[in-house]
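> First the structure, which I've put down as structure tokens, then a few questions once you've had a look.
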Amino acid sequence: MDTNEELLEFPCEFHIKAIGHTAKDLDARVVGVVRKHIKAIYEGGVRSKPSSKGRFTSVTVIFTLESREQLNNIYAALGAIDEVVMVL
């Protein structure tokens, strides 16, 4: 069993953060990708924050995670967005 997998018990509340080059639709694209893989995003569960110089934006999405496979699929899909440089 993967050590990281031992830390998660499913289902669980999960916060995922995508950091990318600032673009006017980055929030919508990140949320759209996450929505394709989950049942619902928590009310008030999307937060965006620009970097101090405005070059980057972080988008955090909070939702119920059902499985390791679901998490892997979300990470892969977010990583495929051109503007995204890191997913935490």
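> Would you confirm, using the coordinates I've provided, whether Thr64 is surrounded by 15 or more Cβ atoms within 10 Å (Cβ to Cβ), more than 13 Å from His15 (Cα to Cα) and of a type in the set (Val, Ile, Thr)?
no
> Let me ask something else. Taking the stretch 51-61 on its own, how many of its residues are among the hydroxyl-bearing types (Ser, Thr, Tyr) and crowded, with 16+ Cβ neighbours inside 10 Å?
Matching residues across the stretch 51-61 total 3.
> Just for the stretch 3-50: of the residues that are surrounded by 11 or more Cβ atoms within 10 Å (Cβ to Cβ) and among the polar types (S, T, N, Q), which one is farthest from Ile81 (Cα to Cα)?
The residue in question is Ser48.
> Of the conditions (1) modelled with pLDDT under 95; (2) touching a strand residue (DSSP E or B) at 6+ places or on another chain (Cβ under 6 Å), Thr3 satisfies every one except a single condition; which number is it?
With (1) modelled with pLDDT under 95; (2) touching a strand residue (DSSP E or B) at 6+ places or on another chain (Cβ under 6 Å) applied to Thr3, the lone miss is (2).
The values are calculated or read from the model by the stated rules, or taken from the named source; none is laboratory data. Owing to the predicted nature of the structure, the values given are computational and were not obtained by experimental measurement. A quick note on method: Cβ atoms are made from the backbone with ideal geometry, for glycine too, and the neighbour counts reach across all protein chains shown.
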